Amino acid sequence: MQNQIVIGKIVAPHGVRGDIRILPLTEKPEQFLDLDYLLLSDGRKLTVKAARFHKRMVLVTTEEIKNMNEAELLRDKEVLIKAEDLPQLEEGQFYVADLVGLPVFDTEGKQIGTFKDSLSTGSNDVYVIAVPGEKDILLPALKIYVKEINLAEKRIVVTLPEWVDEE
């Protein structure tokens, strides 16, 4: 896993006192309520005084940002978190950053490709498997297809659906 993970994006100021509006880019947006500071993509660290939800956004008040003009300068900056500060996951759950680059094998042990990304579709995630010299394979992240994810052995074992063209 990388040292820092993107968990949100600053989209706009909120009000005239320097509050910032953040779009959460995490499955656990409630973690914003427990943050003591915000790490920004430009390297700055802002001390969180207060955080609350408003519609789909998180509104954050910081020590350093005092007015709307200062908050406006933060527009489009990513909000990061240190990897070690990420919430603990339940058994069988993984962070995508931990999976990227892992080799993906079929049940016979033949390497199909490498894990490239995970797409959220609403009903279930879809894993993107990069296959050298070919199109990426899109695989529903369901137990019927994903047989094993083993971080210790650095490998993923899958069964490809019959509709996936395989040579």
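The values are calculated or read from the model by the stated rules, or taken from the named source; none is laboratory data. Predicted model, so just to flag it, every value in this text is computed and none were measured. Neighbour counts are summed over all protein chains in view; Cβ atoms, including those assigned to glycine, are modelled from backbone coordinates with ideal geometry. Note: accessible area is taken over every heavy atom of the protein model, side chains too, but ligands, DNA and RNA are not part of it. Shrake-Rupley method; radii C 1.70, N 1.55, O 1.52, S 1.80 Å.
Taking Cα centre as origin and charging only the Cβ of basic (Lys, Arg, +1) and acidic (Asp, Glu, -1) residues, the dipole magnitude of the range 16-154 rounds to 500 debye. By a 1.4 Å probe calculation restricted to protein chains, ASP125 has an accessible surface near 50 Å², given to the nearest 10.
Farthest toward the positive end of the dipole of the range 9-167, out of ILE22, LEU138, GLN88, is the Cα of ILE22, where the dipole comes from beta carbon charges about the Cα centre. Ordering PHE105, PHE115 by accessible surface, largest first, gives PHE105, PHE115; the 1.4 Å probe counts only protein heavy atoms, with every chain in place. With the simple model of a label 7 Å out from the Cα in the direction of the Cβ, GLN93 to VAL16 spans 4.2 nm. Please label the shape of the range 115-167 as rounded, prolate or oblate, based on the square roots a ≥ b ≥ c of the eigenvalues of the alpha-carbon gyration tensor (a/c under 1.5 means rounded; beyond that, a/b larger than b/c means prolate, else oblate). Because its axes are fairly even, with a/c under 1.5, the range 115-167 counts as rounded. Averaged over its residues, the chain has an accessible area of 63 Å² per residue, based on protein heavy atoms and a 1.4 Å probe.
Please get the size of the charge dipole for the range 42-120, origin at its Cα centre, with Cβ charges of +1 on Lys and Arg and -1 on Asp and Glu, quoted in debye to the nearest 20. Value, rounded to 20: 460 debye.
With a 1.4 Å probe and every protein chain left in place, tell me how much accessible area VAL100 has, in Å² to the nearest 10. Around 80 Å² of this residue is reachable by solvent. All alpha carbon pair distances within the range 1-76 were sorted into 10 Å bins beginning at 0; the resulting P(r) in whole percents reads 20, 59, 19, 1. Based on the Stokes-Einstein relation at 10 °C and a viscosity of 1.306 mPa s, and on the Kirkwood radius from alpha carbon pairs, the range 27-71 is assigned a translational diffusion coefficient of 141 µm²/s. Rolling a 1.4 Å probe over the protein heavy atoms of the range 1-107, with every protein chain left in place, gives an accessible area that is 47 percent carbon and sulfur. For the chain, the convex hull drawn through the C-alpha positions has a volume of 137 cubic angstrom per residue. For the set LYS28/LYS55; LYS28/LYS49; LYS28/LYS147, the pairs lying more than 18 angstrom apart at their alpha carbons are LYS28/LYS49; LYS28/LYS147.
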